[in-house]
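The values are calculated or read from the model by the stated rules, or taken from the named source; none is laboratory data. As the structure is a computational prediction, the values presented were derived from the model and not from experiment. Here the Cβ positions follow ideal geometry from the backbone for every residue, glycine too, while neighbour counts run over all protein chains shown.
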Amino acid sequence: MTEDINKKHVYFITGGGTGGHIYPAVAVGKALEKEADTEKIYYVGNPDNLEKRIADDKVFDFLDVKISGMPRTIGLDFVKWSFQLLAATVKSVGYIFKYKPSLVFGTGGYVSAPMLFASILTRTPFVIHECDAIPGMVSKLVAPFAKSVSAAFEISKDKIKAKDIRVNGNPIREEFLSIDRYHAREALHLKDKLTIVVMGGSQGAKKLNTVLVHSLKKLFKKYDIQIIHQTGLKNYDETIRELKKAYPNFTENSFYMVRPYFKKMYLPMIASDIAVSRAGSLSISEICVSGLASILVPYPFAAADHQRKNAKEMEAENASIYLDDRECTPEHFIEKLEELINNTQKMIELQNNAKRLVKYDATSNIVKQIKEALN
């Protein structure tokens with residue numbers, strides 16, 4: 001029996017908690033939306049998380065499931081979480097019966113678990129994309145039941161069991177291909193000079209904020225640079241308090257821009273030459289597509305230590321400088337930055353190597369994989 005060529009497809013997209021799971025899902029959702037045989041895209045996620053705001057912004061209908069991260073120890077909290085997961089999975093089954101998706105696409109993380117479990121229970125076809133070098137628990141659990149699996153890193157293939165696994169890289173948001181460095185600086189009212197962006201991913205990074213705050217005075221005294229600082233929403237007020245103590249005249253420095261969050265994160269990244277960042281897979285993918293030399297400081301408590309492995313992969317490709325979180329002091333931070341500020345050749349080498357790692361066809365290949373899974 002052949003598939004009806006006139007059939008219109010409904011898709012569920014799920015994944016959330018952090019930008020690393022959300023933005024790849026959104027990129028694929030937007031690409032699927034352009035397909036002639038797509039009827040509707042629904043985003044399934046936690047209404048209290050970042051994915052709700054981003055899905056609304058991208059005009060996806062949002063289906064909410066209340067789910068939190070799994071407690072690390074067995075106890076009362078784990079029992080409560082088990083019931084929460086059960087309720088969220090039952091609700092997800094209800095969404096499947098109501099909207100009858102042709103396929104579910106998940107990007108891993110605890111937010112995707114209820115809908116992916118519901119897909120297994122209802123025998124709804126699904127495809128997952130693993131964003132990190134080391135697959136997360138949800139991806140490893142559901143991969144054997146998936147129609148196919150997409151991976152960002154080659155190393156993932158040995159750590160996940162699936163019938164069909166393909167290395168596509170992480171999907172790239174269209175905005176990152178829409179502007180060059182000069183015009184990004186112009187959009188942010190920045191000068192055309194060496195620019196450093198310090199960021200901690202969608203959640204921010206307290207450690208990076210503190211280290212930068214205590215390095216600013218020395219950096220600006222010594223170098224003709226400009227710095228863009230994304231603190232994360234929850235860390236902004238504390239960072240401003242630290243700034244007032246350590247660098248009280250920061251408001252008078254037109255070459256220092258501090259913001260809690262950039263809605264158009266592609267602008268500060270493309271505007272920059274150097275990035276100092278945590279090592280989430282999405283941050284790394286966007287550092288590469290922005291052509292940045294980078295210093296990666298992996299979050300030490302990331303699940304399965306995946307950020308350290310992500311950063312080590314980049315270091316092995318000579319596309320980044322690795323800085324361990326324990327060694328991330330103002331002295332070491334400045335020392336690593338100076339390796340790039342004072343060595344233009346090394347900076348350009350890292351930028352070129354980062355660009356070389358970009359898989360520009362990742363989104364279209366994942367869409368192709370999804371379409372093949374419909375048959």
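Report yes if some residue within the range 1-11 is in contact with a Cys (Cβ under 8 Å, 6 or more places away or on another chain), closer than 22 Å to residue 368 by Cβ and in contact (Cβ under 8 Å) with a residue 60 or more places away in the chain; otherwise report no. Can you show your working first?
Taking the range 1-11 and keeping what is in contact with a Cys (Cβ under 8 Å, 6 or more places away or on another chain), we get none.
The answer is no; no qualifying residue exists.
Does residue 95 fit the bill of being modelled with pLDDT of 95 or more and buried (at least 19 other Cβ atoms within 10 Å of the Cβ)?
Values: modelled with pLDDT of 95 or more: yes; buried (at least 19 other Cβ atoms within 10 Å of the Cβ): yes.
Spelling it out, residue 95 is indeed modelled with pLDDT of 95 or more and buried (at least 19 other Cβ atoms within 10 Å of the Cβ).
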(request) Pick out, from the range 115-169, the strands (runs of 3 or more DSSP E) lying fully within it that include 2 or more residues that are surrounded by 24 or more Cβ atoms within 10 Å (Cβ to Cβ) and touching an Asp or Glu at 6+ places or on another chain (Cβ under 9 Å). (result) 148-151
(request) Scan the range 338-375 for residues that are under 27 Å from residue 221 (Cβ atoms) and either out of contact with any strand residue (DSSP E or B) (no Cβ under 9 Å at 6 or more places or on another chain) or surrounded by fewer than 17 Cβ atoms within 10 Å (Cβ to Cβ) (or both) and report the count. (result) 8
(message) It is to be established whether one or more residues within the range 269-290 are surrounded by fewer than 17 Cβ atoms within 10 Å (Cβ to Cβ) and out of contact with any strand residue (DSSP E or B) (no Cβ under 7 Å at 6 or more places or on another chain).
(response) no
(message) Need the failing condition index for residue 310 against (1) loosely packed, with under 15 Cβ neighbours inside 10 Å; (2) in a helix (DSSP H, G or I); (3) within 19 Å of the chain's Cα centre (by Cα), just the number.
(response) (1)
(request) Could you please let me know if residue 318 is modelled with pLDDT of 95 or more, assigned to a loop (DSSP other than H, G, I, E, B) and of a type outside the set (Val, Ile, Thr)? (result) yes
(message) I want to confirm something. Restricting to the range 24-64 and keeping residues that are in a loop (DSSP other than H, G, I, E, B) and within 21 Å of the chain's Cα centre (by Cα), which single residue is farthest from residue 371 (Cα to Cα)?
(response) 48
(request) Read through the list (1) surrounded by 14 or more Cβ atoms within 10 Å (Cβ to Cβ); (2) closer than 16 Å to residue 112 by Cα; (3) not hydrophobic (A, V, I, L, M, F, W, C), then give the number of the only condition that residue 48 fails. (result) (1)
(request) Could you please let me know if residue 335 is surrounded by fewer than 21 Cβ atoms within 10 Å (Cβ to Cβ) and either free of Cβ contacts under 8 Å to residues at least 60 places away in the same chain or aliphatic (A, V, I, L, M) (or both)? (result) yes
(request) Look at the range 338-360 and say how many of its residues are in contact (Cβ under 8 Å) with a residue 40 or more places away in the chain and assigned to a loop (DSSP other than H, G, I, E, B). (result) 4
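Say we look at the range 51-89 and pick out the residues that are of a type in the set (Phe, Trp, Tyr) and in contact (Cβ under 8 Å) with a residue 12 or more places away in the chain; which of these is surrounded by the most Cβ atoms within 10 Å (Cβ to Cβ)?
So, considering only residues that are of a type in the set (Phe, Trp, Tyr) and in contact (Cβ under 8 Å) with a residue 12 or more places away in the chain, the one surrounded by the most Cβ atoms within 10 Å (Cβ to Cβ) is 60.
Report yes if some residue within the range 79-92 is closer than 23 Å to residue 151 by Cα and aromatic (Phe, Trp, Tyr); otherwise report no.
Looking through the range 79-92, none of the residues is closer than 23 Å to residue 151 by Cα and aromatic (Phe, Trp, Tyr).
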(request) Tell me the strands (runs of 3 or more DSSP E) entirely within the range 221-291 that contain at least 1 residues that are of a type in the set (D, E, K, R). (result) 256-259
